[in-house]
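Below is one structure, written out as structure tokens; the observations come after it.
Just so it is clear, none of the values below were taken in a lab; they were calculated from the coordinates. All figures in this text were calculated on a predicted structure; none of them were measured in a lab. Positions of Cβ are backbone-derived with ideal geometry, glycine not excepted, and every protein chain shown enters the neighbour counts.
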Amino acid sequence: MNANILNEFHAIVQDGLITEPSQLHTYECDGLTNFRVMPKAVLLPTSTEQVQAIVRICSREKIPFVARGSGTGLSGGALPAENGIVISLARMNRILEVDYANARAVVEPGVINAEVTARVATHGYFYAPDPSSQSVCSIGGNVAENSGGAHCLKYGFTTTHVLALDVVLPDGSLVHLGSQSVDRPGYDLPGIFVGSEGTLGIATKITLRIVKKPEVIQTLLAAFNTTNEAGSAVSEIIAAGMLPAAIEMMDNLAIQAAEASVHAGYPSCGGLLLVELDGPAVEVAHLMKQVGELCTKCRAWEIRVARSEVERTLVWKGRKAAFAAMGRISPNYIVQDGVIPRTALPQVLTEIEQMSSAVGLRVANVFHAGDGNLHPLVLYDNRIPGQEENAFELSVNILRLCVKCGGSITGEHGVGEEKKMMMSEMFAEPDLETMQLVRCAFDPAQLSNPGKVFPRTRLCAERTGPYQPHPLEKAGVAQFF
Amino acid sequence: MEKPSRSGSSVVDVEALWNELREIVGVDHLRMPVDEDRIDGILPLAVIEPKTEKEAAQVLKSATGAGLRVIPRGSGTKISWGNTPRQDFVILLTRLLHRLVEHAWGDMTATVEAGCTVTQFQKSLAEHGQRLALDPAWPDRATIGGILATNDSGPLRGRYGSLRDLIIGITLALPDGTLAKSGGKVVKNVAGYDLPKLATGSFGTLGIITQAIFRLHPVPNESRTLSFSTPDARTANNLILAIQDSPMVPTGLQVRASSSASPQVDVRFEGTATGCDAQIEQTVHAAGSLKRADPPADVWNQHGQIWSGSELSVVCKFTFLPSDLGLFLAELKTITDTLALTWQLVAQGVGVGFVRLDGPSSADYARASQLIRDVVEGHDGFLIVLHCPLEVKKNIDVWGSAGDVLTLMKRIKTQFDPQGTLSPGRFIGGI
């Protein structure tokens, strides 16, 4: 990178400029480690003004930039761009304001997810979105990916909890999206920005909604012989009109791994269900009894309700450690993230099992069962020639199965670099072209996290004329809606 | 019929255009306008009623090609919200797109066409004990497309959020004839940009919503409402804040007030009987010495009721931080007293409400709405004048300021609708 530009960057961030190759290695990938690109430089600004100054230079010099929080993303969202820089928001990590009367917290993007709850817990509040990586992942990253977590079944996703954002647009200008009050007139800009995976600009200040802690929280563990039995219990619970705070499911392989790593005391079974209810004490007591009965009806052979907060925390620790725990039972593994309509669960599990035995690879299954979000973990050994390729193919085929069942290629990890080609399997070309209109409005020069999310980049200069049918559509090969 | 005449657009043979449109929708589905079709007094050139979303997209494409403006309309309950339209538009009715495409009750999602009324939709969902957890105004007439375009909501939003939190998928017909889908049929989905949210509240300026997919909630077994009379705005506000700062989860929390009556606070709980009872007890405790009052029969429909007979009134939507409601009510009283206006208000605890102003003449309406807007904008809120006499509308900015995002919003509009086909000028900042 041109020395003059580096000097300009240095003048902005001083010691927050990294150019040493040995240090740059830290930033060459995120949680998706099989894609790596060395950035030309990493900058660690400490203020919105610094972010603006950096982005203005990028805009002037046409340097692509990628914003990065804690780098825990699993889809390559923070993978650097070729010949680009990384802007790390790690030093912008202050909780600026908490307004309990209105249940809002204003934070910088580098604040760690769990720190928000830690800060407001004494007043009886919590921050609801709880990705499994919440002890290390940043709010800025959560905003980019629209992170979910086990409790989004009841409480919604990051997008539900973001009211306003200060955003540095890819031309360096600062805009204020959303507002402290709800329903700001105009387009729902926070709605389009949250989950845009860093392609529309950089959030430097975020107003979050915090939630009053429920009167009681109860967690039930139920052991079944098969995931199908556990799945039918989920359907029964939903059909009974309940909206649990979370419903999680693990299969035998996932339980083994979690036990080996965390010793959560899970029963050894074919399908484990974890149901959490929260709300008014009498209501939870009443409904928990009903959940227990429904599980028994679906042939659960052991049912336990966590008796203390310590027990409850341990139950969750096992679940949240499930991905990392795979290292205990397999040298390598691929974390997948797909979504299916919940009722398709038995069919999809059966097909995954068939697909996995056909290629001779094990698949461990961890689900947010309440909302149909699957995390199949494809286990393999990269020392065995060909296994890695087979594992990737299997994981992609599982996603295809999700799409075939009317689901999605990602429920919470994002498209990023990893799944951009899969977008064409879920959406038709006009759908993707239409989404990219938004990109062109925010970032016509395509400098902010370029090349992610979409299989092909739309040229923003090209003006949309009257609709032209796609060649495939003309040939009758594909329908456009 | 007059020829559509727009500067810069190509000259088209108007009869050929009508014929082209008739060919798309069928001769019976393009008609000449009648008086009821006027929007802010302006007569459309024609009214077109497509039967399928593909027809809707083709109509848009033809209209765009001919330089014609298009304003989408469902039942028209909110058609006058927003700026006065520019001349030379056609109305595209969505009422024939009224199918419930799918109710996947096991997955608690439903796909519905834009022209379906809210009541019709809810009735079908109720067959499986489910509902769209939203209670917009005039549900028997309001259509799904209409509530989405205007982002309407009611008391349930305090518990379930507004449309942005319930919509999970959308199909949009764009001015170039594209039919584009975004989102999907599963609640949890982060594949691609969230166009369902972008379209929600966009007042028909980006595309015509032809289909929407929603997440659903179970219809609760029990519902209990209680109301309290409060001596003043501050007390009402404190009760609301106390309930919000407790573990209680009301599905309704609102204030009703007017120039002739002190504020009443309404609280509703839904769920199991035991859960409702326990929370009612807690609410009564939180209310201390406040007097219980009998809620009116349509207590949770006040956001629709406030409009009755409002032809000559002003009705505004306003937003506020929950802690500022008391202050707002006090300021409202001062402003209306000074201008000798009467008022009536219903506001949700979450921070959104409607206020209606009535006066002996409309002379002071513009000034009153500006003064009230100054107050809410001074406290992180917004005010939109949804309804007022036409002569007042000519002299006010119904939307208020768009702030520093106006340029960005205009760029979005230009990307989606480069020729300005869809409801041009009706949205904030003249978008």
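Details
- Counting Cβ atoms of other protein chains within 10 Å of each residue's Cβ and taking the mean over peptide A:425-435 gives 6.
- Convex hull volume per residue, computed on the Cα atoms of chain A, equals 166 Å³.
- Degrees, to the nearest 10: A:429-442 long Cα axis against longest axis of chain A: 50 degrees
- R0 of 45 Å, Cβ-Cβ distance A:GLU302-B:LEU406: FRET efficiency to nearest 0.05: 0.15
- Look at the stretch B:409-415: the mean tally of other chain Cβ atoms within 10 Å of its residues' Cβ atoms is 6.
- Size of electric dipole in the range A:257-378: Cβ of Lys, Arg +1 and of Asp, Glu -1, about Cα centre, debye, nearest 20: 240 debye
- Dipole magnitude (debye, nearest 20) for the range B:100-218, charges at Cβ of Lys, Arg, Asp, Glu: 260 debye
- For the protein assembly as shown, Kirkwood radius (reciprocal of mean inverse C-alpha pair distance, Å): 28.6 Å
- Dipole of the protein assembly as shown [Lys/Arg +1, Asp/Glu -1 at C-beta], most positive-end residue of B:LEU97, A:VAL415, B:PHE320: B:PHE320
- Pairs of alpha carbons in the range A:95-212 whose separation is greater than 16 Å (percent): 56 percent
- Going from the residue with the fewest nearby Cβ atoms within 10 Å to the one with the most, A:MET288, A:MET421 rank A:MET421, A:MET288.
- Computed from backbone phi with θ = phi - 60° and the Karplus coefficients 6.51, -1.76 and 1.60, the 3J(HN,Hα) list for the range B:23-39 is 5, 6, 9, x, 4, 6, 10, 10, 10, 6, x, 10, 4, 5, 7, 4, 10 Hz; x is used for glycine and proline.
- Of the trypsin sites (Lys or Arg not before Pro) in the range B:335-409, those whose Cβ has at most 16 other Cβ within 10 Å and which sit in DSSP loop: B:LYS394
- In this structure, the amide hydrogen of B:ILE168, modeled 1.01 Å from its nitrogen in the peptide plane, lies closer than 5 angstrom to those of B:ILE213, B:PHE214, B:ARG215, counting only residues at least 5 positions away or on a different chain.
- Computed [θ] at 222 nm, helices only, for chain B once each DSSP H run of length n ≥ 4 contributes -39500 (n - 2.57): -8500 deg cm²/dmol
- Interchain or long-range residues, amide H under 5 Å from B:PHE427's placed H: B:ASN83
- Only helices enter this figure: runs of n ≥ 4 DSSP H residues, each worth -39500 (n - 2.57), summed and divided by the residues of chain A, yield -10000 deg cm²/dmol at 222 nm to the nearest 500.
- Per-residue Cβ neighbour rank within 10 angstrom, fewest leading, A:HIS375, B:HIS29, A:HIS263: A:HIS263, B:HIS29, A:HIS375
- Separation between Cα centres of the range B:310-352 and the range B:160-174, rounded to whole Å: 29 Å
- Given +1 at the Cβ of Lys and Arg, -1 at the Cβ of Asp and Glu and no other charges, the dipole of the protein assembly as shown around its Cα centre is 220 debye to the nearest 20.
- Listed values for the range A:14-28 are Karplus-derived 3J(HN,Hα) couplings in whole Hz (6.51 cos²θ - 1.76 cosθ + 1.60, θ = phi - 60°), namely 6, 6, x, 10, 10, 10, 5, x, 4, 7, 5, 4, 3, 9, 6, and x replaces Gly and Pro.
- Cα gyration tensor, chain B - rounded (a/c under 1.5), prolate or oblate: oblate
- Proximity of backbone amide H atoms, modeled 1.01 Å from N, is registered between B:ALA142 and B:VAL118 at under 5 Å, excluding neighbours fewer than 5 places apart on the same chain.
- As a proxy for reagent exposure, ranking A:ILE139, A:ILE206, B:ILE213 by other Cβ atoms within 10 Å from fewest up yields B:ILE213, A:ILE206, A:ILE139.
- Among B:ILE412, A:HIS375, A:PHE65 the positive-end extreme of the charge dipole of the protein assembly as shown (Cβ point charges): B:ILE412
- The relative contact order of chain A comes to 14 percent, based on Cα pairs under 8 Å that sit 6 or more residues apart.
- When exposed loop sites are taken as GluC sites (Glu not before Pro) in a DSSP loop with at most 12 other Cβ atoms within 10 Å, the longest stretch of chain B clear of them is B:128-310.
- Cβ-based charge dipole, the range A:216-328, positive-most Cα from A:HIS286, A:ALA325, A:LEU314: A:ALA325
- Span from the the range A:81-139 Cα centroid across to the the range B:207-254 one, whole angstrom: 28 Å
- Estimated vicinal HN-Hα couplings, Hz - the range A:141-157 in sequence order (Karplus 6.51, -1.76, 1.60; Gly, Pro = x): x, 4, 5, 4, 9, 6, 4, x, x, 4, 8, 6, 3, 9, 9, x, 9
- Shielding of A:438-446 by partner chains, average beta-carbon count, 10 Å: 4
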